[in-house]
Every structure is written in C-alpha cells, then in structure tokens.
Amino acid sequence: TDLVICGLNIYKNDKLLRTPHLNKKIIEIKKGVEEFQYINKVFASPCNKLYKKEKIKDLFKEDLDSGEDLFFNLKYLENIDTISITEKCLYNVCLDNDNSLNRKFRDDKLDINFNLLDEQLKFCNKLYGNNVNVDFLYKSYILLLHAYILQIMDVYDKNKVKETIKKYIHDKRIEKACDISKLDRFDYRIFEQLVKRKKVMMIYNFIKLKKILMEGKNDKK
C-alpha cells in the first residue's frame, strides 16, 4: 500500500473527548471521488499517517504558514494508488495548549480555510473530472462560515460582526454552496437559508441566540 491511515484520540485535561476514525478498509484513491470523501474526515493532518519515503520528496511547501499539511497530502494522493485504513486510534492529540498555532484566532482564518477547500475542489476536478459530485466540500463552506461567525462574536463588536457576515454571504463560493448543498441538521439548514436570502441581521441574531444557548448548556455541565 502507498499510504496508511489510523484514527485519533482527542484529549483535553486528560479527558478523552472523541475518537475520529474510519472503518478498516483498503481503497483505490483514483477509483472515484467517493474514495476521497471517505477519507476526508481524518485527512488534513499528516500525524495519523504512514507514507512511502520515496514518494514524498519535494512535496512539502515550507513557505506556507497555514494549510501546509493539507497541500502536502493532496500532492501525495496524486502520486499514489492504494490506501490502507485501520480503525484503531493510534495517535493521541492533546488540546491543553491554548497557545498552539492552530488554536489561536486569526482574522484571516476563514479565508485560509476557504482556500484549502478551493484546493480540494481543484484536486477532485483534476483527479475525477470537472463534473464530479463534490457536495460534501460545498457543505464545508457553509459549516466553516457558521463556526467562524460563532467565534467572532467573542472578538469583534456588533458592527464588525455584521460587516463580516455581509462580506461572506456575497462570496460566490457561499452562494453556490447554498444552491447545491443539503445539510442534515435543522439548525444548519436554518442558517443556510438565512445566508441564501442575505439576511444579515437575522443571521447575527440567530448565531447570537445559539451562542447563548450553547454557553447555558456548558454552565449546567
């Protein structure tokens, strides 16, 4: 096999929060986009993977300060055929360091994540053809926007949050995602419809209410 993927144990304060993993399987990555969709949940990081040394030369972009892991993995996939997956969670991730780079807030965080999704779309079009179904990636644009607005509620004032919402609901990728995506959760579907209809104030109030409810749940715990 050309790549091995295992699951992860996610810890915080010595408590196991979740164990993202895939079922044991051997896949041919170039067979179809469904294969890429299958591994996407645990794909971005290199830490839960084994690579062939002779296939990784010159693939890592050292000039990037964010997203370099995903770029590396996408380039690696272009050069391989077979992936072996084990459901065992063999890598431990500790979230105790609040100062780690991937946990700090950045103004350009959403732009970076959108660019990474753009790269995945390019990869899928290149490997599987331009007419391939990539709804699972377009869903991610909406979910990332949702998560980002939740986050900036604690960082920006009301007017800056509304300006940010207004900026991204007119992004062509978000507009396309709203047209073709079918989100599973009811709250996400409400958010998607508000975004589609460009209701800035309603989006703001919806996310603010959701944040209050989420914080209330955490206080009870």
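The values are calculated or read from the model by the stated rules, or taken from the named source; none is laboratory data. All figures in this text were calculated on a predicted structure; none of them were measured in a lab. When we count neighbours, we look across all protein chains shown, and the Cβ atoms used for this are built from the backbone with ideal geometry, even at glycine. Please note that ligands, DNA and RNA were not included when accessible areas were found on the heavy atoms of the full protein model with its side chains. Shrake-Rupley method; radii C 1.70, N 1.55, O 1.52, S 1.80 Å.
In this structure, Asn99 does satisfy being loosely packed, with under 11 Cβ neighbours inside 10 Å and either assigned to a loop (DSSP other than H, G, I, E, B) or at pLDDT below 95 (or both).
When the strands (runs of 3 or more DSSP E) confined to region 15-88 are screened for residues that are in contact with a Ser or Thr (Cβ under 6 Å, 6 or more places away or on another chain), at pLDDT 95 or above and not aliphatic (A, V, I, L, M), none reaches at least 2 such residues. Is one or more of the residues making up region 153-164 open to solvent by less than 70 Å² (accessible area, probe 1.4 Å), without any contact (Cβ under 8 Å) to a residue 40 or more places away in the chain and closer than 20 Å to Ile112 by Cβ? Yes: region 153-164 contains one or more residues that are open to solvent by less than 70 Å² (accessible area, probe 1.4 Å), without any contact (Cβ under 8 Å) to a residue 40 or more places away in the chain and closer than 20 Å to Ile112 by Cβ. Restricting attention to region 5-14, the residues being surrounded by fewer than 16 Cβ atoms within 10 Å (Cβ to Cβ) and either part of a strand (DSSP E or B) or free of Cβ contacts under 8 Å to residues at least 24 places away in the same chain (or both) number 3.
Among the residues of region 186-202, is there at least one that is in contact with a helix residue (DSSP H, G or I) (Cβ under 6 Å, 6 or more places away or on another chain), farther than 28 Å from Leu74 by Cβ and of a type outside the set (A, V, I, L, M, F, W, C)? Yes, because at least one residue in region 186-202 is in contact with a helix residue (DSSP H, G or I) (Cβ under 6 Å, 6 or more places away or on another chain), farther than 28 Å from Leu74 by Cβ and of a type outside the set (A, V, I, L, M, F, W, C). Taking region 16-57 as the range and being of a type outside the set (A, V, I, L, M, F, W, C), within 17 Å of Asn79 (Cα to Cα) and surrounded by 11 or more Cβ atoms within 10 Å (Cβ to Cβ) as the test, the residues that pass are Glu28, Lys30, Lys31, Gly32, Glu35, Pro46, Lys49, Tyr51, Lys52, Lys55. The set of residues in region 122-152 being hydroxyl-bearing (Ser, Thr, Tyr) and open to solvent by 40 Å² or more (accessible area, probe 1.4 Å) consists of Tyr128 alone.
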